[in-house]
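The values are calculated or read from the model by the stated rules, or taken from the named source; none is laboratory data. Given the structure is predicted, the values throughout are model-derived calculations rather than measurements. All Cβ positions, even for glycine, are placed from backbone atoms using ideal geometry, and neighbour counts span all protein chains on display. With ligands, DNA and RNA removed, areas are computed over all heavy atoms of the protein, side chains included. Shrake-Rupley method; radii C 1.70, N 1.55, O 1.52, S 1.80 Å.
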Amino acid sequence: MSALREIEFRDALREAMTEEMRRDQRVFLLGEEVAHYNGAYKVSKGMLDEFGPRRIIDTPISESGFAGLAIGAAMQGLRPIVEFMSWSFSLVAADPILNNAPKMLYMSGGQFGCPVVFRGNDGAGGQLGSTHSWCVEGMYSNVPGLKMAIPATPDDAKGLLKTAIRDDDPVFFLESERMLGMKGHVPEGEEILVPFGQGRIRRAGADCTIATWGRPVHFALEAAEALAKEGIDCEVIDLRTIRPLDIGSVVRSVKKTSTCVVVDQSWSFGSPGSELAAQVHKHCFDDLDNFVHRVHTADVPAPYAYNLEQEYLPNARKICEAVRAATYNA
Amino acid sequence: MPIKTVLTAEIENVSILDAEGRFDEKLGKGLIPDADLVKLYGHMCTCRHLDEVAFKLQRSGRMGTYPQNMGQEAASLGAAYALNNDDWLVTCYRENCGLFWRGVPMESILLHWMGDERGNAMPRQHHATPIAVPIGTQMLHATGLAWAAKYRGEKRIACTFFGDGATSEGDFHEAMNFAANLDIPVVFCCQNNGWAISVPGHIQCSAPTVAQRALAYGMDTIQCDGNDLFAVVHCFRKAIKQARSTGRPFFIEAVTYRLGDHTTADDARRYRDQAEVDAWRARDPILRLRKYMAKRGLWSDAKEQELQAKVEVEVAATVERAEGITSPNRVDFFDHMYAEIPADLALQRDTMQTHGIGQDPSQIEGAVIELPAKEGH
């Protein structure tokens, strides 16, 4: 059973936290309804039973409060995991998460590290309206001093979260509410640690490189299958972490395919996608047959209506169009 | 059903040595041994002189913006004196005196305000955190530090300082609620100096005291004359004892006044009446302590002259050390970005180029483009 075990994304996250909490007494979880209610999205289900209220802590609805408290605890060497029910709610905690955590080591001249994991749901897709559908990687990845992981599958969710918890720096861990029920193969009883800064080739191909991360990985794979029927063979690279960014894997692929499409579900202006495109242009200037094409969300707030929201996000159709254009097949 | 009263509350105000020199023997006797008192007084004088020198350094272009501590020496000093040295002291920027008592080098503070980050590298043995300049963020850190101590079963508590202006920040309320609600031993001390830069207390909040806000969070609270070292020590001893024994937070409002500007970037004469400032000058914490010590035969003009001469030498040497430090290397700012420097940042450090420039491909070859040893699984 273990070799083929399939579990949900949320179970993978829970396994990562549970295993790390068993392994390291310094690790604890805090956030809104993570204990008695088992988490708004049941990611922490059963963890209160195993670890008790000392290590699984229900907090008041007070994002700045628990983010700031976690920073203080991390300064004294603990390893807090902070669950934001949604990354959208982290906006009220901007001062602790952006102005303190990523700078603490720097501003204290190396005296105080800040090994906190901030994690929660990110991105649109659940018809939650624009205030609850933030894709924070665009804004937050701009800040040096933090690391950012955005897993696309349950096995990576587990392996990246375990790495995040063991990391000595603040890690922003972005999940998707749309993916929590997604099932995938996660071996049982095996230590999975996915190193940061190593992309994963999700599909090998020769004609066009699609570089992406998180939920859009699945849209890219869907697009790649459709394009294969048209004779366009795409290579899909899942970068898995934004900071650090595995530019090497993308460059190697583009040197082979000569075309590149970047898919990023944040707004295009000043986004991880624009950074990636700029780096590809720099490193592959003589290899590219076309400029790097980019698929982002539309430059509007996340719409509430179902059909508009689907159209707002990157999707397989848009990716297909971008690949055709980049490869002169339009 | 009849209308019932669900809460009535009283808040004590503690004064032991008042501005007129009256001393409450019952509360004050034996509170601070004479030998300590002389030491504490000397410490306040040193801090005051450093403050005056720092102001002059700024005015002569030898220092950046500086927030004078003048008039507020007693509160943080009383706290540092009452706390154990391994309790966390989490301050903002008007607690120099307490930090120096802890052993934080004076030149660190000067260095910080001269615009050198090395001034904020507080040696860990002092259990003091870097000076927090954003208003109010440090209260949450103190709560987290104390929570971590509790989590580890240590008896250590945290004490955090902030001004009256910070009590309007959300972080203040969130820290207070967390500390009370999660049973965290933090002593919150508001140095209420009456002014948030140019905004007077009554425009900041309608409540007559800051201390009463603690009641809303189910936290014990007390107000004291913040310019009275005895009252401060009395309140901190009470707060610390209670926090340590119950694991609960405690709130102290130290009523004080900044005799100087908010920082060297503003001119308080433009928004404060001189009469108000003069009245508070008469309530100076140093002045009243000196009078008290003289009355008790612990102090004399000769001793004062001797002290001032010593302080001048000490502060001058401090300034010399702070100004004499070699400028940081331009690559130093990469040093403490991450526990281990990532490859792209190491490249920036080694070439001092930004992502976008890349003018020398040879610097990039073999660095950024270096492929991962192992392809993803």
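Could you tell me whether B:R62 is out of contact with any Gly (no Cβ under 8 Å at 6 or more places or on another chain) and under 22 Å from B:R321 (Cβ atoms)? In short, yes.
Residues in the stretch A:106-138 that are at pLDDT below 95, over 19 Å from A:P314 (Cα atoms) and of a type in the set (A, V, I, L, M): A:M107 only. Condition check for B:T256 on (1) under 21 Å from B:D51 (Cβ atoms); (2) out of contact with any Gly (no Cβ under 9 Å at 6 or more places or on another chain): one failure, at (2). When B:D220, B:D228, B:D267 are checked against the criterion of being buried (at least 23 other Cβ atoms within 10 Å of the Cβ) and among the acidic types (D, E), B:D228 stands alone in meeting it.
Quick one: which helices (runs of 4 or more DSSP H) lie wholly within the stretch B:1-85 and hold at least 2 residues that are more than 23 Å from the chain's Cα centre (by Cα)?
Working: elements: B:25-28, B:34-59, B:73-82.
Qualifying helices (runs of 4 or more DSSP H): B:25-28, B:34-59.
Inspect all residues belonging to the stretch B:84-93 and state whether any of them is open to solvent by 10 Å² or more (accessible area, probe 1.4 Å) and within 13 Å of another protein chain (Cβ to nearest Cβ). Explain how you work it out, then say what you get.
To start, the set of residues in the stretch B:84-93 that are open to solvent by 10 Å² or more (accessible area, probe 1.4 Å) comprises B:84-86, B:92-93.
Narrowing the set further to residues that are within 13 Å of another protein chain (Cβ to nearest Cβ) leaves B:86.
Yes, some residue in the stretch B:84-93 is open to solvent by 10 Å² or more (accessible area, probe 1.4 Å) and within 13 Å of another protein chain (Cβ to nearest Cβ).
Here A:E50 meets the list (1) out of contact with any Ser or Thr (no Cβ under 8 Å at 6 or more places or on another chain); (2) of a type in the set (D, E); (3) open to solvent by 40 Å² or more (accessible area, probe 1.4 Å) almost entirely, failing just condition (1). Only residues that are within 10 Å of B:C92 (Cα to Cα) and more than 9 Å from chain A (Cβ to nearest Cβ) were counted in the stretch B:139-165, giving 4. Can B:E169 be described as of a type in the set (D, E, K, R) and either in contact (Cβ under 8 Å) with a residue 12 or more places away in the chain or more than 10 Å from every other protein chain (Cβ to nearest Cβ) (or both)? Answer is yes for this residue. Here A:V262, A:V280, A:V250, A:V254 are screened, and the one residue that is away from every other protein chain (no Cβ under 12 Å), open to solvent by less than 10 Å² (accessible area, probe 1.4 Å), within 13 Å of A:T209 (Cα to Cα) and touching a residue at least 12 places away in the same chain (Cβ under 8 Å) is A:V262. When A:V295 is tested against (1) of a type outside the set (D, E); (2) at negative phi; (3) more than 22 Å from the chain's Cα centre (by Cα), just one condition goes unmet, and that condition is (3).
Taken over the stretch A:297-312, the residue count meeting the criterion of being within 18 Å of A:V262 (Cα to Cα) and open to solvent by 20 Å² or more (accessible area, probe 1.4 Å) is 3.
Scanning the stretch B:132-167 for residues that are among the hydroxyl-bearing types (S, T, Y) and in a helix (DSSP H, G or I) returns B:T137, B:T143, B:Y151, B:T167. Within the stretch A:7-21, can one find any residue that is within 14 Å of another protein chain (Cβ to nearest Cβ), without any contact (Cβ under 8 Å) to a residue 60 or more places away in the chain and within 24 Å of the chain's Cα centre (by Cα)? Looking through the stretch A:7-21, at least one residue is within 14 Å of another protein chain (Cβ to nearest Cβ), without any contact (Cβ under 8 Å) to a residue 60 or more places away in the chain and within 24 Å of the chain's Cα centre (by Cα). Out of A:I232, A:I192, A:I242, one residue alone is modelled with pLDDT under 95 and among the β-branched types (V, I, T). It is A:I192. Before we move on, is B:P134 within 10 Å of chain A (Cβ to nearest Cβ), at pLDDT below 95, within 22 Å of B:E154 (Cα to Cα) and surrounded by fewer than 23 Cβ atoms within 10 Å (Cβ to Cβ)? No: the conditions fail for B:P134. In the stretch B:295-377, counting only helices (runs of 4 or more DSSP H) that sit wholly within it, the ones holding 2 or more residues that are modelled with pLDDT of 65 or more and at the interface with another protein chain (Cβ under 10 Å from one of its Cβ atoms) span B:343-351.
On inspection, B:A211 qualifies as away from every other protein chain (no Cβ under 13 Å), open to solvent by less than 10 Å² (accessible area, probe 1.4 Å) and of a type in the set (G, A, S).
Pairs are defined by a Cβ separation below 6 Å, a sequence spacing of at least 6 or placement on different chains, a first member in the stretch A:173-185 that is within 16 Å of A:C135 (Cα to Cα), and a second member that is open to solvent by less than 40 Å² (accessible area, probe 1.4 Å) and assigned to a strand (DSSP E or B); the pairs so defined are A:F173/A:V117; A:F173/A:R119; A:F173/A:A149; A:E175/A:N121; A:E177/A:N121. Residues that are within 11 Å of another protein chain (Cβ to nearest Cβ) and more than 28 Å from A:P102 (Cα to Cα) within the stretch A:193-203 comprise A:I201, A:R202, listed in sequence order. Within the stretch A:147-192, the set of residues being within 12 Å of another protein chain (Cβ to nearest Cβ) and of a type in the set (S, T, Y) comprises just one member, A:T153.
When the stretch A:128-146 is filtered for residues that are outside any loop (DSSP other than H, G, I, E, B) and either within 14 Å of another protein chain (Cβ to nearest Cβ) or within 17 Å of A:N100 (Cβ to Cβ) (or both), the ones remaining, listed by number, are A:M139, A:Y140. Inside the stretch B:94-131, residues that are more than 14 Å from the chain's Cα centre (by Cα), within 20 Å of B:T318 (Cβ to Cβ), assigned to a helix (DSSP H, G or I) and at the interface with another protein chain (Cβ under 9 Å from one of its Cβ atoms) make up a count of 3.
Suppose we keep only residues that are within 14 Å of chain B (Cβ to nearest Cβ) and part of a strand (DSSP E or B) within the stretch A:226-247. Which one would you say is farthest from B:P342 (Cα to Cα)?
Going residue by residue through the stretch A:226-247, those that are within 14 Å of chain B (Cβ to nearest Cβ) are A:235-247.
Next cut, part of a strand (DSSP E or B) only: A:235-238, A:241-243.
Details: A:E235: 26, A:V236: 25, A:I237: 21, A:D238: 20, A:T241: 13, A:I242: 12, A:R243: 9 Å.
Once the filter is applied, the top-ranked residue is A:E235.
Residues of the stretch B:144-166 that are open to solvent by less than 10 Å² (accessible area, probe 1.4 Å), over 15 Å from B:S245 (Cα atoms) and either over 15 Å from the mean Cα position of the chain (by Cα) or without any contact (Cβ under 8 Å) to a residue 12 or more places away in the chain (or both): B:G144, B:L145, B:A148.
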